[in-house]
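The block underneath contains the structure these notes are about, expressed in structure tokens.
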Amino acid sequence: MDNIYEDESDISFTVKFVGRIEVVRPSGFEILEEAARSLKVPDKFNSEKAAKRSKVNIFLTLSGIDILENKTKFLLYSCPLSTVSFCAVLRSSPKVFGFIAQHPAADMYHCYLFQSQKFAPVLVSLIGDAFRATKKEHNVRAGRDLVVEALRHKNKVLQRENEELKRRVARPHIYEAM
């Protein structure tokens, strides 16, 4: 069941899906533990909990995490890496890991939990590395954007100064005879 496949652009692995649940904060081991406790209680009225522990494929790329149903390859969830705020192995159960991501259209967070017999720490490390690589790329881009904005501002200041100098040169000078 615990298979990891690597392509040039993505990494995929098969794990058991414990479930997804809304959480109150974007990070913390205690949030992960609370989510795990909540998802262990079966709830026949909640379809997400009823479908728990089914096999899923997780596709990890530098743009996001896609969770697909194992047999049908139906996309269950897609989380851009920029929305992921926390990822860890449960302290109370080293075979269970999860991540917390902000909902892309609402001000809420969801915790996604998975079970892997062999690779939970490795998978958390992979997700963390992809998250850090995305943040580093974003910071480099943001740094470039700041430099570009600073240069644009400087250009506007110099253009104004140039216009003022042109006006001064174009004005006829009055010289008084002494």
If you take the residues in segment 127-147 that are surrounded by 11 or more Cβ atoms within 10 Å (Cβ to Cβ) and basic (Lys, Arg), which one is modelled with the lowest pLDDT?
135
Where a residue in segment 89-116 is charged (D, E, K, R) and its partner, wherever it lies, is open to solvent by 10 Å² or more (accessible area, probe 1.4 Å), with Cβ under 9 Å and at least six apart
91/29; 91/33; 95/89; 95/115; 95/117; 95/118
Tally of residues being modelled with pLDDT under 90 and more than 14 Å from the chain's Cα centre (by Cα) across segment 73-85:
1
Pick from segment 103-126, criterion of a type outside the set (A, V, I, L, M, F, W, C) and at pLDDT 90 or above, ranking: farthest from the chain's Cα centre (by Cα):
115
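Could you grab me the full set of residues in segment 80-110 that are part of a strand (DSSP E or B) and within 13 Å of residue 122 (Cα to Cα)? Walk me through how you get there before you give the answer.
Step one: of segment 80-110, the residues part of a strand (DSSP E or B) are 80, 84-89, 96-102, 109-110.
Result: 87, 88, 89, 96, 97, 98.
Among the candidates 33, 48, which residue alone is assigned to a helix (DSSP H, G or I), modelled with pLDDT under 80 and surrounded by fewer than 19 Cβ atoms within 10 Å (Cβ to Cβ)? Working first, answer last.
Numbers: 33 fails: modelled with pLDDT under 80.
Answer to the check: 48.
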For segment 150-175, which positions are modelled with pLDDT under 80 and either open to solvent by less than 100 Å² (accessible area, probe 1.4 Å) or in contact with a helix residue (DSSP H, G or I) (Cβ under 6 Å, 6 or more places away or on another chain) (or both)?
150, 155, 157, 158
Assuming residue 74 fulfils every condition listed in (1) touching a residue at least 12 places away in the same chain (Cβ under 8 Å); (2) touching a strand residue (DSSP E or B) at 6+ places or on another chain (Cβ under 9 Å); (3) farther than 20 Å from residue 22 by Cβ apart from one, which condition is it?
(1)
Which of the residues that make up segment 87-126 are hydroxyl-bearing (Ser, Thr, Tyr) and either open to solvent by 20 Å² or more (accessible area, probe 1.4 Å) or more than 16 Å from residue 67 (Cβ to Cβ) (or both)?
92, 93, 109, 125
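The values are calculated or read from the model by the stated rules, or taken from the named source; none is laboratory data. For clarity, every value in this text was computed on a predicted model and none was experimentally measured. Glycine gets a Cβ as well: all are built from the backbone with ideal geometry, and neighbour counts include every protein chain shown. Quick note on the areas: whole protein, heavy atoms, side chains included, nothing else; ligands and nucleic acids left out. Shrake-Rupley method; radii C 1.70, N 1.55, O 1.52, S 1.80 Å.
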